[in-house]
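The values are calculated or read from the model by the stated rules, or taken from the named source; none is laboratory data. From a predicted model like this one, the values you see are computed outputs, not experimental measurements. A quick note on method: Cβ atoms are made from the backbone with ideal geometry, for glycine too, and the neighbour counts reach across all protein chains shown. Just so you know, the surface numbers come from the protein's heavy atoms only, side chains and all, with ligands and any DNA or RNA stripped out. Shrake-Rupley method; radii C 1.70, N 1.55, O 1.52, S 1.80 Å.
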Amino acid sequence: MNVSYVSPFDVRQVMLQDDFEIFHRIDTASGHIESHSHDFYEIYFPRTEGVEYIVENHHFHVGPGRLLLIAPGQVHSSSTSVPDLVVERFVLWLNTSFVESLSGLLPRFRKLSREDLKHHNLIMPDEETYELMISMLFSLFHEKQLNDMDSPSLNRLVVAQLLIHITRVLSNVNGAQTERVASRTREIMRIYEYISLHLKDPLSVTGLANRFYIDKNTLTRQFRQVTGMTPAECIRRKRLDTAYVMITHGA
């Protein structure tokens, strides 16, 4: 990893450039970001496990291999149950006018409205596509430092490629398969929210599977796919989070 590509933590949430801004952060502050929104696209590439991202009240436990696409206007934040966790992540900001200027290269992205994107925050590419996306981020860092007369054109092409790969994942070629994935995600988030509301009650994977009429092994597999952890890990983490908050408030 090129250490010159690591960005210092910054609380700024306003774009200074009229095309894109890219950050590679490794610090403890990135684990706790207060709720906010902005008028540009934001793409998170988490590289650390253990961070929860909340987008419009939807909770995502994500790590390497997944990314989050935040549409303009969406309220989002992040938190972690581990105090002083060192968090690594890439963040890409895209000016809406800049994205619109690429529309000729992005026929599928152009068909997605901002409302469509608000229902598809979690992007789960295959391993090869994900690694290709990460290499594109380093290409943007390289051109940002080089900054010669060809850099703006190369950056436009790289960002367009990145968005094409994202819309490929979203489109998933087979619309029925995409809807099945979306339906599964909604069901898992219902279970996640149930856990959050019943931490004081007896909770078990078997009990959750029976309540939501789903096979226990299927529940564990799908819960991990959507949230990045098993139901048992989720219950444990959330109870620890609650205990930590109570202790810090004098309990």
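Within the chain, what whole-number % of the accessible surface is contributed by carbon and sulfur, with the 1.4 Å probe and all protein chains included in the calculation? Spell out each step's value before the answer.
On the way: 6960 of 13160 Å².
Answer for the chain: carbon and sulfur cover 53 percent of the accessible area.
In the full protein context, the chain carries 52 Å² of accessible surface per residue, based on a 1.4 Å probe and ignoring ligands, DNA and RNA. Bridgeable aspartates and glutamates around Lys200 (alpha carbons under 18 Å apart, same-chain partners fewer than 8 residues away excluded): Glu233, Asp241. Label-to-label distance, Ser79 versus Ser101, with points set 7 angstrom from Cα along the beta-carbon direction: 3.9 nm.
Give the peptides 85-93, 8-16, 139-147 in descending order of average Cβ contacts within 10 Å, highest first. Intermediate values should be presented prior to the final figure.
Details: 85-93: 19.4, 8-16: 10.2, 139-147: 15.0.
The most tightly packed comes first, giving 85-93, 139-147, 8-16.
For the pair region 193-251 and region 41-106, the centres of their Cα atoms are 23 angstrom apart.
Evaluate E = 1/(1 + (r/R0)^6) for Tyr244 and Val11, where r is the Cβ-Cβ distance and R0 equals 22 Å; express this FRET efficiency to the nearest 0.05.
Numbers: r = 23 Å, r/R0 = 1.06.
The pair Tyr244/Val11 has a calculated efficiency of 0.40.
Per residue, the average separation of C-alpha pairs within less than 8 Å and at least 6 apart gives the chain a relative contact order of 18 percent. In the elastic network of the chain, a GNM with C-alpha springs shorter than 10 Å, the most mobile of Tyr213, Tyr41, Tyr194 is Tyr213.
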